[in-house]
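Encoded as structure tokens, the structure appears first; notes follow it.
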Amino acid sequence: MLQQFFILCSGADASILKTCTEGERNKYAGIGATVFFTAVMAFLASAYALFTVFDTVYAAVFFGLIWGLLIFNLDRFIVSTIKKRNSFGKELLQATPRIVLAVIIAVVISKPLEMKIFEKEINRVLLKQKNELTLANKEQIALQYTPTIESLNRDIDRIKAEVATKEAETDALYDTYISEAEGTAGTGLLGKGPVYAEKRKKHDAALAELQQLKTTNADKIIALESQITALQADYLTAVNRSQPIIDGFDGLMARINALGKLPWFPSFFIFLLFLAIETSPIIAKLLAPKGEYDLKQEEGESILKTWVAQKVQQRQRILATDIALNDKIYGEIEKEEAVYAHKKQKAEELLRLQADAFHDIQVKSL
């Protein structure tokens with residue numbers, strides 16, 4: 001039962017193999033088993049690759065099954081169409097396009113499994129790339145907010161400097177009227193005279209202006225700080241909104257690129273392994289000696305070609321004979337007067353009928 005299944009997978013003619021030896025059947029069962037397990041590996045590899053794309057098991061299994069069946073059909077077709085010839089060069093030339101196709105299939109199959117085998121290393125590369133993307137994303141988003149925030153901070157510093165300048169002026173006026181009262185400056189008279197009163201008045205006016213300026217500028221600073229807080233909140237919102245995109249940087253292309261950043265030597269040997277698996281049915285078919293199955297298949301093809309050639313030749317001879325007979329028959333009929341007179345009579349009748357019909361049409365149109 002299992003042997004029959006693998007023979008079916010090999011694409012060989014089961015009716016011919018039934019008449020062959022057990023060793024010949026085992027050979028093609030082995031080729032069919034290679035085709036089958038190659039398709040299984042293709043299913044597993046493509047299912048994993050598609051799982052990284054769709055992130056759902058059902059879709060990955062469904063499309064992976066389709067891909068596995070496609071590879072199975074291709075391999076079966078490749079093996080079944082390679083026929084043993086008496087010249088190895090002709091066999092190799094016949095198999096060359098199929099070997100190229102097998103190399104392409106091996107590349108497609110090996111990559112997803114390489115990503116699974118080196119998953120931890122790929123995750124480390126992806127983590128490093130995600131961190132770099134996160135920093136670059138924050139810097140890029142900050143370019144939209146930093147200039148405005150810096151401008152607002154400069155406005156706050158300018159407002160604070162304005163208050164500080166006013167405080168310095170007020171303190172200077174305070175020192176002036178105190179010195180006048182103590183007689184250490186100004187008029188040099190001790191006591192609170194008219195000059196003292198004038199200077200005290202200037203100080204009190206400046207102090208009132210300072211208090212008003214502090215109140216006004218405090219409101220301005222609060223408003224500016226509110227704008228800065230809002231901008232910082234917008235910045236954090238933009239960063240948080242874009243971060244899931246960076247966290248989702250884990251697709252098939254990203255993993256393939258991350259795999260390319262790893263040392264090529266292990267990946268190359270995995271590729272060689274799958275290339276050997278994929279081309280093994282073809283190589284086995286090329287290297288195997290011409291067996292009983294091949295001889296019987298060639299004999300059947302020879303019988304079919306001979307029979308077809310005979311049929312074609314017979315049809316050509318029948319056609320030539322039929323043409324010669326027709327020429328002879330119609331040549332003799334051409335010389336008979338009775339046939340000539342009968343055809344002349346019928347032609348005259350046809351011309352009369354055509355003339356009468358034309359006459360009737362002309363009369364109706366008047």
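Modelled spin labels at residue 270 and residue 306, positioned 7 Å past Cα toward Cβ, are 5.5 nm from each other. Of all complete DSSP H helices in the chain, those with a Cα span along the helix axis of 20 Å or greater and a mean Kyte-Doolittle hydropathy of 0.0 or more are 22-54, 57-81, 88-117, 264-287. Straight-line cross-link reach from residue 343 at under 21 Å between alpha-carbon atoms covers these lysines, not counting any fewer than eight positions away in the same chain: 328, 335.
Each residue, residue 237 and residue 287, gets one label point 7 Å from its Cα in the Cβ direction; the gap between the two is 6.9 nm.
Can you classify region 226-366 as rounded, prolate or oblate using the Cα gyration tensor, where a ≥ b ≥ c are the square roots of its eigenvalues, rounded means a/c under 1.5, and otherwise it's prolate if a/b beats b/c and oblate if not? Taking the square roots of the gyration eigenvalues as a ≥ b ≥ c, region 226-366 is oblate. By the Cα gyration tensor, the chain has an equivalent ellipsoid whose semi-axes, rounded to whole angstrom, run 102, 45, 15 from largest to smallest. Taking a straight line from the alpha carbon of residue 214, these lysines sit under 28 Å away, with near neighbours fewer than eight places off in the same chain left out: 160, 166, 199, 201, 202. The ranking of 293, 145, 340 by Cβ neighbour count inside 10 Å, starting from the fewest, reads 340, 145, 293. Which of 49, 205, 284 ends up with the largest GNM mean-square fluctuation for the chain, with Cα atoms connected below 10 Å? Its mean-square fluctuation being the largest, the pick is 205.
Residues 51, 265 in ascending order of nearby Cβ atoms (within 10 Å, fewest first): 265, 51. With contributions of -39500 (n - 2.57) from each DSSP H run of at least four residues, the per-residue ellipticity at 222 nm computed over the chain stands at -32000 deg cm²/dmol.
Which order do 71, 141 fall in if you start with the one that has the fewest other Cβ atoms within 10 Å?
Ascending Cβ contact count within 10 Å gives the list 141, 71.
Straight-distance candidates among the aspartates and glutamates for linking to residue 305, with alpha-carbon spacing under 19 Å and chain neighbours fewer than 8 residues away dropped: 13, 294. Between 352, 98, 315, the GNM of the chain built on Cα springs shorter than 10 angstrom shows 352 fluctuating the most.
Could you work out the relative contact order of region 27-165? I mean the mean sequence separation of Cα pairs under 8 Å and 6+ apart, divided by the number of residues, in percent. Kindly include the intermediate steps, with their values, before the conclusion.
Working: 67 pairs, mean separation 29.3, N = 139.
Computed value for region 27-165: 21 percent relative contact order.
No lab work stands behind these numbers, since they all come straight from the coordinates. Please read all numbers here as calculations on a predicted model, not as lab measurements. Heads up, the Cβs are rebuilt from the backbone with ideal geometry, glycines too, and the neighbour counts pull from every protein chain shown.
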